[in-house]
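J.: I am attaching a structure below and will ask some questions about it afterwards.
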Amino acid sequence: MRTFPIFVSFDGKPPLVVGGSALAAIKTRLLLKRAERVDVAADALGSELSQFAGEGRVVQQPSRPGVDQIRGRPLVISATEDEDEDARIAEIARALGVPVNVPDRPALCTAALAAIVDRGEVTVAIGTAAAAPVLAQRLRAWLENELHPRLGDLAALAGQFRDRVAAALPEGPGRRRLWERIFDGPAARAMLHGDEITARKLIDGEIASAASAENDRAQRPQGRVLLVGAGPGDPELLTMKAIRALKAADVVFYDKLVGDGVLELARREAELISVGKAKGAHSVPQSQINALLVARAKAGETVVRLKGGDPFIFGRGGEELDALRAESIAVEVIPGVTAGAAAAASLQIPLTHRDVSHTVTFVSGHEAGGKAPSFEHLDLRALASGNNTLVVYMGVTTGAVIAQRLLDAGFRDGLPVMAVENASRPDERRVATTISALANDAESLGLNSPAVLIFGEVAGLPAAGAVETILAHEEVVRAYA
Ligand code: SAH
């Protein structure tokens, strides 16, 4: 059952439960969390339902309801425990377009009931499309723990200030920033501590200062840019700061290598703009990206510049930072898990290891213009001593040339190399080889971008998970035996 969660209003006609048994009582009790009154169609009411009826919260209706009893209901739950009767009710409801739920008979349902976490004004609804109700219950228990018990009070308080905020500030980034300050700052903390008086005072203060800043155009808060590391692809590798930045964004400029799962975490209203950057593909020139970031921040927006891995590792983050500083725009940099680190973690191969490698060097396999690098800035002979790890980014097409340069500089023939494609993504692929095999025949690895190449003795340590092996040297055969 494919479903879309919505909240149904119970302000009109009451919902209808069909059946008078214990199951019907459970469903009625659930509805009474939000409905003032529930109509129950049954010949006889069980004890709990009778009690609700005594309190005036349940009104008994004749059993076997027809079209007139079902029309206009916000929701009908058929819990007669009689298959034919449930099917009859479901059919009428379906024909009338009234949402209907029949416990444990998904085929008859046009509506699924969510597991609910209830914090007054704040309701969290959990659905598993009827596939795993126990999982939904566990999630609910977890959320119960996680969500502050006074969250609903906070939301209710915010609701009381809505009109005043709307009067004080026009709709737009300024107003949203005010709410962010309220929810992230001392006002919310005071409210959650149960100190409503202080919370009200603090909100008053926030509104006043936001309003005066808004009125005084010169002082109007400028936007800002967050240079955010999106990690290697798996959204679970995002930092909490990265998630918070995504949730605050008015606009997100992202690179090709940023995973879809990461983008899904952006604020729903945020504009998502791809600025390319996949190798070879047409992309927005860096100068234009810089100009876009500056322009949007100057317009007062919260701009997220989302970059694969870490923004400061082969990400041109430094150039963007310079451009923003030159325009005096506030910048925050949020680090990300760089591809080399993600690859190493996935393989469970340490990049440095007390007995094997003492340094790690991240190098780019491309120079400006797409050529293989000359590495003239690197002391390759020193690195060739053996106890160093070299992680090459952007080296898929230049891998063979790089391997040959390293051999020429004195790297030993059989040095293990591990290539990891799409690290941390569902289609991650790893290939073990040697530096000489790579120099002779890089094609046989069948590598595709994005991939990192790890050169060094650590690449010969036992790796976790499936590794394809392209062997051309005895020593490595031993290492993997
Ligand atoms: N700032 C990024 C690197 C950008 S350069 C970071 O810190 O990871 C782009 C290169 O990163 C790719 O050519 C590839 O070498 C590497 N890369 C990025 N994502 C990767 C991934 N999921 N798996 C393997 N390599 C990746």
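The values are calculated or read from the model by the stated rules, or taken from the named source; none is laboratory data. Being a predicted model, the structure only gives us computed values, none of them experimental. Every residue, glycine among them, receives a Cβ derived from its backbone with ideal geometry; neighbour counts consider all protein chains shown. To get the accessible areas, we keep the full protein, side chains included, count just its heavy atoms, and leave off ligands, DNA and RNA. Shrake-Rupley method; radii C 1.70, N 1.55, O 1.52, S 1.80 Å.
J.: If residue 369 passes every condition in (1) in a loop (DSSP other than H, G, I, E, B); (2) away from the ligand (no atom under 13 Å from the Cβ); (3) in contact (Cβ under 8 Å) with a residue 40 or more places away in the chain; (4) not β-branched (Val, Ile, Thr) but one, which one does it miss?
T.: Single failed check for residue 369: (3).
J.: Among the listed residues 200, 189, 164, identify the single one that is of a type in the set (Lys, Arg) and under 25 Å from residue 124 (Cβ atoms). Break it down into steps so the answer makes sense when it comes.
T.: Details: 200 fails: under 25 Å from residue 124 (Cβ atoms); 164 fails: under 25 Å from residue 124 (Cβ atoms).
Exactly one residue qualifies, and that residue is 189.
J.: Six or more apart or on different chains, Cβ atoms under 8 Å: show the pairs whose first residue is in the range 117-129 and within 14 Å of residue 148 (Cβ to Cβ) and without any contact (Cβ under 8 Å) to a residue 60 or more places away in the chain and whose second is of a type in the set (S, T, N, Q) and part of a strand (DSSP E or B).
T.: The qualifying pairs are 117/123.
J.: Restricting attention to the range 342-353, does a residue exist that is within 16 Å of the ligand (Cβ to nearest atom) and more than 30 Å from residue 466 (Cβ to Cβ)?
T.: No - not one qualifying residue is present in the range 342-353.
J.: Determine whether residue 417 is open to solvent by 50 Å² or more (accessible area, probe 1.4 Å) and among the β-branched types (Val, Ile, Thr).
T.: Here the answer is no, as residue 417 does not meet what is asked.
J.: If you don't mind, there's one more thing I want to ask. Quick one: which residue in 343, 291, 270 is over 12 Å from residue 255 (Cβ atoms), open to solvent by 20 Å² or more (accessible area, probe 1.4 Å) and either touching a Leu at 6+ places or on another chain (Cβ under 8 Å) or of a type outside the set (D, E, K, R) (or both)? Walk me through it before giving the result.
T.: Numbers: 343 fails: open to solvent by 20 Å² or more (accessible area, probe 1.4 Å); 270 fails: open to solvent by 20 Å² or more (accessible area, probe 1.4 Å).
From the options 343, 291, 270, the qualifying one is 291.
J.: Output the qualifying pairs, or none if there are none: Cβ atoms under 9 angstrom, residues six or more apart or on different chains, first residue in the range 61-76 and closer than 8 Å to residue 16 by Cβ and in a loop (DSSP other than H, G, I, E, B), second residue open to solvent by 80 Å² or more (accessible area, probe 1.4 Å) and among the charged types (D, E, K, R).
T.: 73/13
For (1) of a type in the set (Ser, Thr, Tyr); (2) more than 26 Å from the chain's Cα centre (by Cα); (3) at pLDDT 90 or above, each residue gets a yes or a no:
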| site | (1), (2), (3) |
| --- | --- |
| 58 | no, yes, yes |
| 85 | no, yes, yes |
| 96 | no, yes, yes |
| 110 | yes, yes, yes |
| 147 | no, no, yes |
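J.: Restricting attention to the range 372-407, and to residues there that are part of a loop (DSSP other than H, G, I, E, B), open to solvent by 50 Å² or more (accessible area, probe 1.4 Å) and within 16 Å of the ligand (Cβ to nearest atom), which single residue is modelled with the highest pLDDT?
T.: Result: 394.
J.: Check every one of the strands (runs of 3 or more DSSP E) wholly within the range 264-359 and list those with 2 or more residues that are modelled with pLDDT under 95. Lay out the reasoning, then the answer.
T.: Numbers: elements: 271-274, 302-307, 330-334.
Fully inside the range 264-359 and qualifying: 271-274.
J.: For the range 69-76, indicate whether the set of residues that are in contact with a helix residue (DSSP H, G or I) (Cβ under 9 Å, 6 or more places away or on another chain) and surrounded by fewer than 18 Cβ atoms within 10 Å (Cβ to Cβ) is non-empty.
T.: yes
J.: Just to be sure, is residue 428 among the charged types (D, E, K, R), open to solvent by less than 50 Å² (accessible area, probe 1.4 Å) and within 16 Å of the ligand (Cβ to nearest atom)?
T.: Values: among the charged types (D, E, K, R): yes; open to solvent by less than 50 Å² (accessible area, probe 1.4 Å): yes; within 16 Å of the ligand (Cβ to nearest atom): yes.
The answer is yes for residue 428.
J.: What's the total number of residues in the range 387-413 that are closer than 15 Å to residue 370 by Cα and among the aromatic types (Phe, Trp, Tyr)? Before you say what the answer is, go through the steps one by one.
T.: Taking the range 387-413 first, the residues closer than 15 Å to residue 370 by Cα are 392-402.
After this cut, where a residue has to be among the aromatic types (Phe, Trp, Tyr) as well, the list is 393.
So the count comes out to 1.
J.: Okay, moving on. Any chance the range 200-222 includes a residue that's under 17 Å from residue 304 (Cα atoms) and either more than 16 Å from the ligand (Cβ to nearest atom) or hydroxyl-bearing (Ser, Thr, Tyr) (or both)? Working first, answer last.
T.: Narrowing the range 200-222 to residues under 17 Å from residue 304 (Cα atoms): 221-222.
Adding the requirement that they be either more than 16 Å from the ligand (Cβ to nearest atom) or hydroxyl-bearing (Ser, Thr, Tyr) (or both) leaves 221-222.
Yes, that holds for at least one residue.
J.: Next up: Could you please find all residues in the range 433-456 being within 32 Å of the chain's Cα centre (by Cα) and either within 13 Å of the ligand (Cβ to nearest atom) or open to solvent by less than 30 Å² (accessible area, probe 1.4 Å) (or both)?
T.: At the first step, the residues of the range 433-456 found to be within 32 Å of the chain's Cα centre (by Cα) are 446-454.
447, 448, 449, 450, 451, 452, 453, 454 - these are the residues of the range 433-456 that are within 32 Å of the chain's Cα centre (by Cα) and either within 13 Å of the ligand (Cβ to nearest atom) or open to solvent by less than 30 Å² (accessible area, probe 1.4 Å) (or both).
J.: Is at least one residue of the range 299-306 surrounded by fewer than 14 Cβ atoms within 10 Å (Cβ to Cβ) and under 30 Å from residue 418 (Cα atoms)?
T.: no
J.: Also, quick follow-up: Within the range 420-432, can you find the residues that are out of contact with any helix residue (DSSP H, G or I) (no Cβ under 6 Å at 6 or more places or on another chain) and of a type outside the set (Lys, Arg)? Explain how you work it out, then say what you get.
T.: Step one: of the range 420-432, the residues out of contact with any helix residue (DSSP H, G or I) (no Cβ under 6 Å at 6 or more places or on another chain) are 421-422, 425-430, 432.
Within the range 420-432, 421, 422, 426, 427, 428, 432 qualify.
J.: Just to be sure I understand, how many residues within the range 457-472 are open to solvent by less than 50 Å² (accessible area, probe 1.4 Å) and closer than 17 Å to residue 342 by Cα?
T.: Of the residues in the range 457-472, 6 are open to solvent by less than 50 Å² (accessible area, probe 1.4 Å) and closer than 17 Å to residue 342 by Cα.
J.: Hey, can you tell me all the residues within the range 238-255 that are free of Cβ contacts under 8 Å to residues at least 40 places away in the same chain and either within 16 Å of the ligand (Cβ to nearest atom) or farther than 22 Å from residue 342 by Cβ (or both)?
T.: Residues of the range 238-255 that are free of Cβ contacts under 8 Å to residues at least 40 places away in the same chain, as a first pass: 240, 243-244, 247.
Across the range 238-255, the qualifying residue is only 247.
J.: When only residues in the range 301-329 that are more than 17 Å from residue 285 (Cα to Cα) and more than 25 Å from the chain's Cα centre (by Cα) count, which is nearest to the ligand (Cβ to nearest atom)?
T.: The extreme case among them is 325.
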